[in-house]
Amino acid sequence: MTEKFTGIASHTYEDGREYTGEFVNGLPHGKGRMLFTNMDIYDGEWEKGVMNGKGVYDRHDAERDRYAEQYDGEFHNGVKQGLGRLQYADKSVYEGQWQNNMRTGVGTYWISEAEYFHGFWKFDEPIRGIFHLKNGDWYDGTFKNNKFDGYGRYYYANGDFFDGEFSEGKPIKGMIVHLDCTVSKIDGYEHGV
């Protein structure tokens, strides 16, 4: 293909990538579909040869010979940036804000129908929000290294709740308020959540 081609065409690159769609000055620009050499597929908007705008990216799992993950959302300069939804190989789903290919901003991560986190993310980790567990318990507070950490409230399915400080997923200081309005103080890890 000549460098200056403008229009709609299909082209196979020397490295094996296959692109079908709009070109401007020899580069993918506008809407188009790229089949990469690793069998990943991007179908969406392009700008000067780079994924830019809205699109769908399907990641191929060569070991299982199937498409394992699908991202449907916004791209900027070839990376996930803006709003998007990613369904992972294990069928869990993240929907929300992205920055430089990482979950950053406000988003919801569904582990299953009954277990999910909604809140703030930074560099692919939850930092503040509400986590609903499949047993009916839920936690509202801060996180560190994907664990409850800092101030939070843990609500038990039976109506009790713990209010206080957490460290590495465990309550360390605070109180449990029981449904009958009695209070139990915690100073140091004694109870599991």
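Which residues make up the longest stretch of the chain clear of GluC sites (Glu not before Pro) that lie in a DSSP loop with no more than 14 other Cβ atoms within 10 Å, not counting the sites?
No qualifying site falls inside 114-167, the longest such stretch.
Rounded to the nearest 20 Debye, what is the dipole magnitude of the chain about its Cα centre when Lys and Arg each give +1 and Asp and Glu each give -1 at the C-beta?
With Lys and Arg at +1 and Asp and Glu at -1, about 340 debye.
Out of the trypsin sites (Lys or Arg not before Pro) in region 14-58, which ones are loop residues according to DSSP with at most 16 other C-beta atoms within 10 Å?
Answer in residue order: ARG17, LYS48.
What is the percent carbon and sulfur in the accessible area of region 70-193, measuring with a 1.4 Å probe over the protein chains and ignoring ligands?
After summing per-atom areas, the C and S share lands at 51 percent.
When a/c reaches 1.5 or more, the comparison of a/b and b/c decides; with that in mind, is region 31-144 rounded, prolate or oblate per its Cα gyration tensor?
Oblate.
What percent do you get for the relative contact order of region 1-50 when only Cα pairs under 8 Å and 6+ apart count?
29
What are the semi-axes of the equivalent ellipsoid of the chain, taken as the square roots of 5 times the eigenvalues of the Cα gyration tensor, listed largest first and rounded to whole Å?
48, 15, 12
Between HIS11 and SER112, what's the calculated FRET efficiency when r is the beta-carbon distance and R0 is 45 Å? Round to 0.05. Each step should come with its number before you reach the end.
Values: r = 42 Å, r/R0 = 0.94.
Rounded to the nearest 0.05, the efficiency is 0.60.
With a 1.4 Å probe and every protein chain left in place, work out the accessible area per residue of the chain in Å², rounded to a whole number.
About 59 Å² of surface per residue is accessible.
Report, by chain and number, residues whose modeled amide H sits under 5 Å from the one on LYS122, excluding near sequence neighbours (fewer than 5 apart, same chain).
Close amide H contacts, sequence-distant or interchain: GLY105, ILE127.
Answer with one residue from GLY150, ASN77, PHE161: the one whose Cα lies farthest towards the positive end of the charge dipole of the chain, charges on Cβ with Lys, Arg +1 and Asp, Glu -1.
After comparing all options, I get ASN77.
Are there trypsin sites (Lys or Arg not before Pro) in region 130-193 that DSSP puts in a loop and that have at most 14 other Cβ atoms within 10 Å, and which ones?
Hits after loop and neighbour filter: LYS134.
Going by a ≥ b ≥ c, the root eigenvalues of the Cα gyration tensor, does region 81-152 fall in the rounded group (a/c under 1.5), the prolate group (a/b larger than b/c) or the oblate group? Display every interim value, and only then the final one.
Values: a/c = 2.22, a/b = 1.22, b/c = 1.82.
In terms of gyration-tensor shape, oblate.
Amide H to amide H under 5 Å from ASP160: which residues, 5+ apart in sequence or cross-chain, H placed 1.01 Å off N in plane?
Close amide H contacts, sequence-distant or interchain: LEU179.
Whose amide H sits under 5 Å from the amide H of ASP40, counting only residues 5 or more places off or on another chain, with H placed in the peptide plane?
Hits under the 5 Å cutoff: HIS60.
The values are calculated or read from the model by the stated rules, or taken from the named source; none is laboratory data. Predicted model only: the values in this text are computed from it and were never measured. Don't worry about glycine lacking a Cβ; one is built from the backbone with ideal geometry, like all the others, and counts go over all protein chains shown. Note: areas computed on protein heavy atoms with side chains; ligands, DNA, RNA excluded. Shrake-Rupley method; radii C 1.70, N 1.55, O 1.52, S 1.80 Å.
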